[in-house]
Every structure is written in structure tokens, then in C-alpha cells.
1. Round to a whole number: what % of the accessible area of segment 50-136 belongs to carbon and sulfur, probe 1.4 Å?
2. Mean projection of the alpha-carbon convex hull of segment 34-101 over all orientations, in nm²?
3. On full extension of the chain, what length is gained from R128 through L68, given 0.36 nm per residue of separation minus the C-alpha to C-alpha distance?
4. Express the C-alpha Rg of segment 70-170 as a ratio against the empirical globular expectation 2.2 N^0.38 Å, rounded to two decimals.
5. Test of the criteria: in segment 80-123, which GluC sites (Glu not before Pro) are in a DSSP loop and have at most 14 other Cβ atoms within 10 angstrom of their Cβ?
6. Report Rg/Rh for segment 71-110, rounded to two decimals, where Rg is the Cα radius of gyration and Rh the Kirkwood radius.
7. Can you tell me the order of 68-78, 53-63 when each peptide is scored by its average per-residue count of other Cβ atoms within 10 angstrom, highest first?
Amino acid sequence: MLTRKQKYFIVYSETIKGGVKIKPEEKFLILIKELCEKQDTIAKTLQEPLLHEFSLSELHCLDAIGNLEHPTVTNIALTMNMTRGAISKITKRLKARKLLSTYSLENNRKEVLFTLTEKGRHIFDEHRKGHIAWEKQVLSFLQAYPIENLSKIVKFLEAFNEQLKSLLKN
């Protein structure tokens, strides 16, 4: 039986570094992994140092609260594709750090909603600036490609995303 490393270096149909050949689908997986790793690194470099003390989940929770019309635990969980329990833990940490506060509507005292404090709004704004900078860089890169190629890539990514969603449900 071959080891994982041996399987990785078996000669197939597409050349990569060092003249070693692998299957296109294996190359795809390698590139997706590299893309995710680079994205994480780039996201950290584009962030203000102030944001380094927060996890991505915390930043995206603040982002959801800042963008949602009705920011409840359930709506944040749906937006972030996380459990309500995970969102409850995150919001407790953010509340303890004075980044958000809670309130209820007059007609429904049972439902708890979140709002950003001044400090939370500042973190939200800084995080948003990082997203905008990243989007500008990516859009600039994408403009070099014909729309037909991008349309094919988008269709593929939509199908791949649906496959990943179905795996998450199982």
C-alpha cells in the first residue's frame, strides 16, 4: 500500500513544480488549499493591527450585526452558517469587550437583538475597509480576463459551492 506522500507524487497527466505530474483534480485540491492559505495571510496583512486581537468569527459576527436589519442570534447564525450556540458564545465575548449591546422591541420583549456600540462600530468600519481593499485588488486582477472565461469559472464555483453545502448538511 502506498503512503499518502507516495500517492501525491504518482505520475499522472498534468505537470507541476519539479516536473512531477498529477491528476488535474488533485492539482485543483492543492490550488484550493493554497488559495485559502494565501487568502488568510492577505486578510491579516490588510487588517489594521487593531483587528488582530479578534478572531475571524468575531469580526464576521460584528459585520453581520452591523449589516442585518434584525440582528438576533438566529439571524446571525443563518447569515454566518453557524449554530445558535456558537453565536451565543461569540456575542457574549463581544458584549464583555463592550463591542455590542442588547435590546428588545416594545412588542416582543422575549426576543433579544444586538446593536454595535461606538467601539464595536469602529471595529466594524475597520473590518469593512479591509474587505473593500481586498475586493478592489481582486476586481483589478479579474478585469484582465475575458467575461466568457469568468462566466465559466463562476458557474463552476457555484456548482462546487452547492456540493460543499450538501456535504455540510450530511
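The values are calculated or read from the model by the stated rules, or taken from the named source; none is laboratory data. Since this is a predicted model, take the numbers as computed values, not measurements. Cβ coordinates were reconstructed from backbone atoms using ideal geometry, including for glycine residues, and neighbour counts include every protein chain displayed. Keep in mind that these areas ignore ligands, DNA and RNA; they rest on the heavy atoms of the full protein, side chains included. Shrake-Rupley method; radii C 1.70, N 1.55, O 1.52, S 1.80 Å.
1. Here carbon and sulfur together make up 53 percent of the probe-accessible area.
2. Value for segment 34-101: 5.1 nm².
3. Numbers: separation 60, 0.36 × 60 = 21.60 nm, distance 1.43 nm.
Gain in length upon complete extension: 20.2 nm.
4. The value comes to 1.47.
5. Loop-located and lightly packed - E106.
6. Taking Rh as the inverse mean 1/r over Cα pairs, Rg/Rh reads 1.00.
7. Per-residue Cβ counts within 10 Å, averaged per peptide and sorted highest first, yield 53-63, 68-78.
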